[in-house]
Every structure is written in C-alpha cells, then in structure tokens.
Amino acid sequence: MSEQSHGLIATFNTASGVYHAAQNVRDAGYKHWDCITPFPVHGLDKAMGLKRSLVPVFSLFGGIAGATAAMAMIFYTGAVDYKLIVGGKPFFSPIPAVPITVEAGIFCSAFGAVVGMFILCRFPMLYHPVLKSDRINAALDDKFLIVIEARDPKFNLAQTKALLEKAGGLDVKELEA
Amino acid sequence: MSHVETNASTQAILAEVNPAVKPRPVLVENNRSHAWITEKVCGVIEGKTPVWWWVCFSVACGVASCSVVGFFYLVAAGVGVWGHANPVNWAWDIINFVFWVGIAHAGTLISAILCLARQNWRTSINRTAEAMTIFSVACAGLFPALHVGRVWLAVLPGYLFPVPNANAIWPNFRSALEWDVFAVSTYGSVSVLFWYVGLIPDLGTLRDRFFQKGDKVRSAIYGFFAMGWRGSARHWVNHEMAYLLLAGIGTLMVVSVCTIVSFDFATSLIPGWHTTIFPPYFVCGAIFSGFATVLTLLLPMRAIFKFEDLITPYHIDCLCKITLVMGTLVGYAYLMEFIIAWYGANPNEGFTFVNRTFGLYDWAYWIMFSCNVITPQFFWFKKVRSNFAFIFALTIFINIGMWFERFVIIVTSLARDFLPSSWGYYSPSIVEILTFFGTFGVFSVLFLLFIRFLPIIPMAEVKSVTPQADVHGAHS
C-alpha cells in the first residue's frame with residue numbers, strides 16, 4: 001500500500017445492507033475498520049463484533065466521587081472547620097446531608113458519562129480522513145459507509161475491495177489519508 | 001415482536017389465546033425517506049429568517065426588557081420594592097421559581113423516563129422539550145438569585161454556594177433552601193449535558209451541509225460543537241450508552257429535584273405546608289404544567305414549519321393522555337390534602353384548608369381548582385385530543401392554574417398563620433409583576449433563538465425509528 005491511503009471506503013444504500021456487510025467484514029477477521037451511519041443502527045455493534053461500551057465505568061466512578069465529596073464537604077464545614085450549634089443539633093449527621101449528596105452524585109455521574117464518552121470517542125477530534133471524504137455529507141444524511149483501514153494486518157487492496165464489493169458495497173474506492 | 005421465542009409451547013399458547021394484532025402507530029407519516037427528514041429539519045435553519053420570526057423576536061425582547069428593568073430597580077433600591085412584607089415574606093419570588101422549575105420537568109420526563117420506557121414517539125419532540133427545560137430552569141434560577149437583593153452575594157461568598165461568607169461561616173446544609181441550590185444547579189447543568197449529547201450527531205450533519213454549500217463560517221461554528229462527529233459505529237456505541245445513562249440519571253433527577261423543591265415547604269412547620277404529600281404532589285404538578293407547555297409550544301411550531309409528518313396526531317394524542325393522567329393525580333392530591341387535614345384533627349391545619357377554599361384568597365383557590373382539575377378532564381375525549389386549537393387553549397388554562405396553585409399554597413398559608421395578630425393580606429407590587437412578566441420574554445427570546453439556529457427535531461433519533469432503519473425486517 002502507498003502511504004497516502006487511509007484505506008478503502010464503500011457506500012451502502014440501506015441500513016440492512018450495511019448490517020449484513022458488516023457481518024461479512026467481521027467474519028473475514030478485520031480489526032481496524034468502521035461503519036459510518038447517520039443514526040445508531042440497531043444491532044450493528046454485534047454485527048461488527050464490538051464490545052460493550054465502557055462509559056458506565058466513568059459514570060459510576062463519577063457518581064461515587066461526587067456523592068463522597070458532597071458528604072465530606074458537609075462533614076468538614078459543619079464538624080471540623082466551623083463548629084456552629086444550630087438548633088441544638090449535632091454538628092454533623094448524615095440524614096440532612098442526603099439531598100445534597102444525591103444531587104452531587106447525579107451531577108458527577110452525568111459528567112462522568114459525558115466525559116467518558118468524549119474520552120472513548122477521542123473527542124474533540126480535529127481531523128479524520130473520513131471527514132474529508134466527499135461522502136461524509138451523504139453518510140450523515142441517508143447513506144451508510146464501511147471503511148477498512150490500510151493499517152489492518154489483513155488489508156490487501158484487491159482482496160479487501162473484492163470483499164466489500166461482494167458484500168454489496170457500491171463505489172468502492174481508496175480513501176486519502 | 002421479533003424477540004418472542006418460537007418454541008412449541010409458546011406457539012400452542014398463542015394459538016389458544018389468539019391475541020389481537022394491533023398495528024404499531026406510524027411515527028413518521030407518508031413513509032418519508034431519511035433524506036426528506038434531513039432536508040426538512042435542516043431547511044428551517046438554512047432558509048432565510050422569516051418575517052414572523054423577527055416580529056416575535058422583537059416582541060419577546062420588549063417583554064424581556066421588563067425583567068431587566070425590574071432587576072436593576074430591585075438591585076438599586078433593595079428588596080423592599082417587592083410587595084412582600086410581614087407576615088407574607090415569601091411570595092412571587094418563590095411562586096415564580098416553582099412555576100418555572102415545574103415547567104422544566106416535562107422535558108426531562110420526555111427525554112429520560114420515556115427513553116427508558118422505550119416510547120419511540122418521544123424522538124420527534126424531545127429536542128424541543130429539552131430546550132424548554134433548559135430555558136425554564138434559566139428563568140427559574142433568576143428568582144432565587146434576585147430575591148437575596150444583593151445579587152452579587154448569591155455567587156460570591158455567599159448566600160447560595162458553599163463559600164464561607166465574611167464571618168467565615170458556611171451555609172447551613174440542613175436548610176432545604178441550600179438543598180435547592182444544589183438541586184436546581186444540578187438540574188440545569190445535567191439538562192444541558194443531556195441536550196448537548198443528543199445534539200452532537202445533528203450538529204455534525206449541519207456542519208457538513210454548510211461546508212458543502214461553501215458557508216465556511218457556519219460550518220466552523222457547528223463543527224466546533226460537533227467535536228468531530230463522523231457517525232462512526234464505534235462512536236455510536238459510546239454515544240448510545242452515554243445517552244442511556246443520562247436517561248437513567250435524568251429519571252432520578254426528575255423525581256428528586258421537585259421533591260427537594262417541595263422540601264422548602266414540607267420541612268417547615270407552617271400549617272398547609274407541613275405535609276408529607278408534598279414531594280409526589282409537586283412532582284405530578286410539575287410534570288402536568290410541563291406537558292401543557294410542551295403542547296403550547298409544539299402545536300404552533302408544527303403548523304408554522306409544516307412538521308405534520310414528523311409530529312403526528314398520534315404524538316399530540318400521547319401528550320394529551322399524559323397531561324390527563326398528571327392532571328387527575330394533581331386533583332387527587334388536592335382532595336387528599338383535605339382528607340388528611342380532617343383526619344389529622346389538628347385545628348390549625350383544618351382552619352388553613354377551610355381558609356384556602358372559602359377565605360380571603362378563595363378566588364385564587366377556585367381559579368386553581370377549575371383550571372387544574374376540570375380542564376384536563378376534557379382530554380378523556382378523542383374528539384378533544386384531535387382538536388388542536390382547543391388543546392392549545394386548554395394548555396394555557398392549565399398553566400394559569402398551575403401558577404395559581406403555587407400562589408394558593410404559599411400565600412394563603414403565610415397570610416393566616418397561628419396568631420391572628422400576625423395576619424395580613426398580600427398584594428404584589430408593580431415591580432414584581434413586571435419582573436415576572438419579563439421572564440416570559442426571556443424564555444421566548446431563548447426559544448426563538450433555538451428554533452432559528454438548532455435542529456428542532458432530532459434527525460438521527462427520528463431516522464432510527466423509521467421502518468427503513470430496521471435491519472431485521474420484523475417490524476415492517
């Protein structure tokens with residue numbers, strides 16, 4: 001392969017077309033490849049053999065951190081930093097701290113989910129060969145693309161092209177890196 | 001029903017029961033293509049700014065300026081310019097705050113709870129509803145900030161946020177008002193996140209469309225917020241997961257925020273406030289007024305932009321039914337309050353409720369009762385649910401009623417508390433009235449900017465519930 005090429009790109013007209021083609025590409029053993037779709041195609045992740053997303057891990061740790069920080073803040077301000085008797089109540093008790101703890105947990109787990117998504121998707125992404133393609137406009141409208149990258153160990157220009165064409169891919173071309 | 005097991009026993013049972021096959025309602029009418037959806041939604045943003053938009057925008061700015069004037073006068077002169085005085089020391093500020101926060105709740109319910117319940121009809125209306133949420137939280141947030149009078153102290157050290165004040169004292173975390181600060185700021189920021197995550201794919205579509213048209217500036221602006229979205233299936237997996245999590249978190253939030261808002265009253269000892277029914281009652285009331293507002297906004301929008309194929313009569317029907325359920329629950333809560341007041345056998349509590357209904361502010365009570373309990377009952381009838389002009393009128397009444405609900409709760413209880421020596425009558429001052437009136441302008445300005453510059457209908461989500469999007473062919 002020349003170093004100029006990112007890989008091969010193929011267009012599909014229907015969601016089921018790209019779904020079945022993705023199964024073929026997965027079964028052929030490719031690793032570095034991708035489907036570009038205008039909406040989340042139901043079941044495409046399984047057809048591509050993708051693992052479950054790791055976003056929940058970020059969200060969980062965000063939530064735990066937020067809730068702990070809130071409870072700790074209320075403890076520190078009331079029972080350590082400035083002890084103030086209000087209505088003869090103890091300096092700290094966990095029950096009235098619950099609403100703020102819950103809200104802080106919600107806040108941080110939501111941020112965790114979004115930050116996790118950004119990290120896992122590597123956003124903000126300033127450049128990507130697919131974004132330069134003249135097909136991206138259609139792919140975010142009503143067309144579907146499969147891109148197989150040249151760095152994939154199984155990549156072979158002629159064979160990969162044949163695979164994509166056999167799977168129903170239209171207009172299979174090389175994509176500039 | 002593609003996931004039904006097709007083993008022999010299931011088949012035998014199905015043959016015996018012979019269930020009726022009910023066709024799924026169509027969510028995009030006239031079998032529109034994906035390209036049509038993109039063209040239709042983006043067309044609103046790409047087209048010339050219509051004349052009506054400028055007219056509405058100017059009027060909205062004019063109305064919003066009332067708030068600005070009221071705000072500056074309040075800061076310059078002090079909170080004395082508002083009408084509350086002993087014994088009613090809490091009035092329009094908190095009424096308007098609860099009113100706007102309540103409206104916000106429908107957006108989160110549509111985007112969160114209906115997402116978890118897999119109600120696919122939510123797709124075409126959730127963007128608008130979430131926008132409504134964010135803008136009404138913004139309006140709601142104005143009032144707590146304003147009512148401290150010295151507004152700069154709301155943010156700087158600090159009445160609201162946990163920054164020690166001049167005497168190094170921290171806020172009182174046992175106070176329901178401090179809980180409110182956290183609840184509402186969480187609500188606002190998580191709603192913005194939810195909205196933004198849903199917007200990313202559509203912003204990507206707009207970025208590429210403007211790029212193709214040669215509009216580099218707009219392409220760059222949308223591209224900045226699209227973060228390099230390219231519709232990759234590897235991104236969609238994370239996007240869908242983040243969205244689902246936000247829906248789960250949002251569900252917790254939608255019930256917790258109005259619950260905490262109701263604690264402002266429920267944790268006090270004032271008769272009429274000190275009741276355990278408040279949290280669910282406030283949540284139902286909030287969702288009730290929110291759905292009414294969603295309908296108020298959607299019906300004209302649908303007509304103006306000719307979105308009849310995307311926001312179908314089925315969508316409106318569903319919204320009306322939820323409004324009916326919530327309205328009836330609110331009516332139930334009104335009656336239950338009376339039963340508890342009678343059953344509780346506390347003379348102060350009993351007096352408060354009789355006074356609410358037949359006392360000094362009976363006019364407000366009966367406005368509230370007729371608008372909130374009688375109005376939604378019209379939605380039992382299919383004929384009403386398909387008469388859009390009538391629905392629009394009803395939703396206005398619902399929101400009037402919901403504003404009066406907060407007025408009745410707050411003012412009647414304070415105007416007549418335990419000792420007759422501390423009884424009084426409250427009337428708002430012109431400054432309060434103008435400030436509140438102006439918030440409708442603030443809301444409208446934000447909403448008009450939204451419908452001009454952002455995709456009103458989530459294109460990616462609507463496309464994913466069309467028959468063409470189904471790769472298994474089971475639902476067709």
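Only the coordinates and a few stated rules stand behind these numbers; no lab work does. Since the structure is predicted, the reported quantities are computational estimates derived from the model, not experimental observations. Every residue, glycine among them, receives a Cβ derived from its backbone with ideal geometry; neighbour counts consider all protein chains shown.
Some observations on this one:
- Check: segment B:202-290 dipole with +1 on Lys, Arg Cβ and -1 on Asp, Glu Cβ, in debye: 540 debye
- Given 15 as the ceiling on other Cβ atoms within 10 Å, longest exposed-site-free region of chain B for chymotrypsin sites (Phe, Trp or Tyr not before Pro) in DSSP loops: B:1-380
- Pairs exceeding a 30 Å alpha-carbon distance, out of A:Lys166/B:Lys22; B:Lys48/B:Lys382; A:Lys143/B:Lys48: A:Lys166/B:Lys22; B:Lys48/B:Lys382.
- Where labels lie 7 Å past Cα in the beta-carbon direction, separation of B:Phe338 and B:Asn387 in nm: 2.8 nm
- Electrostatic tally near B:Val330: other residues with Cβ closer than 14 Å to its Cβ, Lys and Arg +1, Asp and Glu -1, net -1.
- Using a simple spin-label model with pseudo-atoms 7 Å out from Cα toward Cβ, A:Ala69 and B:Val69 lie 4.3 nm apart.
- Only the Cβ atoms of Lys and Arg (+1) and of Asp and Glu (-1) were treated as charged; on that basis the dipole of chain A about its Cα centre amounts to roughly 460 debye.
- If only the Cβ of Lys and Arg carry +1 and only the Cβ of Asp and Glu carry -1, the dipole of segment B:1-136 around its Cα centre is close to 200 debye.
- Cross-link partners of A:Lys31 among aspartates and glutamates (Cα-Cα below 12 Å; sequence separation of 8 or more within a chain): A:Glu149, A:Asp152
- Which of A:Asp34, A:Asp141 has the fewest Cβ neighbours within 10 Å, and the rest in rising order: A:Asp141, A:Asp34
- Normalised by the number of residues in segment A:55-121, the average gap of Cα pairs under 8 Å and 6 or more apart makes the relative contact order 59 percent.
- Stretching B:Ser427 away from B:Asp317 to a fully extended chain increases their span by 35.7 nm, per 0.36 nm per residue minus the current alpha-carbon distance.
- With 0.36 nm allotted per residue and the present C-alpha distance subtracted, the B:Asn348-B:Phe161 stretch has 63.8 nm of extension available.
- Within-13-Å neighbourhood charge of B:Ile45 [Cβ basis; K, R +1; D, E -1]: +4
- Computed label-point distance, nm, for sites B:Val21 and A:Thr14 using a 7 Å Cα→Cβ extension: 2.0 nm
- Longest site-free stretch - chain B; sites: GluC sites (Glu not before Pro), DSSP loop, at most 14 other Cβ within 10 Å: B:6-307
- Here is what passes the span test in chain B: the DSSP H helices with alpha carbon length of 20 Å or more along the helix axis and a Kyte-Doolittle mean of -1.0 or above are B:51-77, B:92-108, B:126-147, B:176-213, B:233-266, B:278-304, B:313-344, B:388-407, B:430-453.
- The trypsin sites (Lys or Arg not before Pro) of segment B:98-191 that DSSP puts in a loop, and whose beta carbon has at most 15 other beta carbons within 10 Å, are B:Arg118, B:Arg150.
- Legend: residue pairs B:Lys40/B:Lys213; A:Lys132/B:Lys216; A:Lys51/A:Lys161, Cα-Cα distance threshold 22 Å; pairs beyond threshold, A:Lys51/A:Lys161.
- Sum of side-chain charges, B:Phe211 neighbourhood, beta-carbon under 14 Å (Lys, Arg +1; Asp, Glu -1): +3
- Segment B:33-119 shape via C-alpha gyration tensor axes, a/c threshold 1.5: oblate
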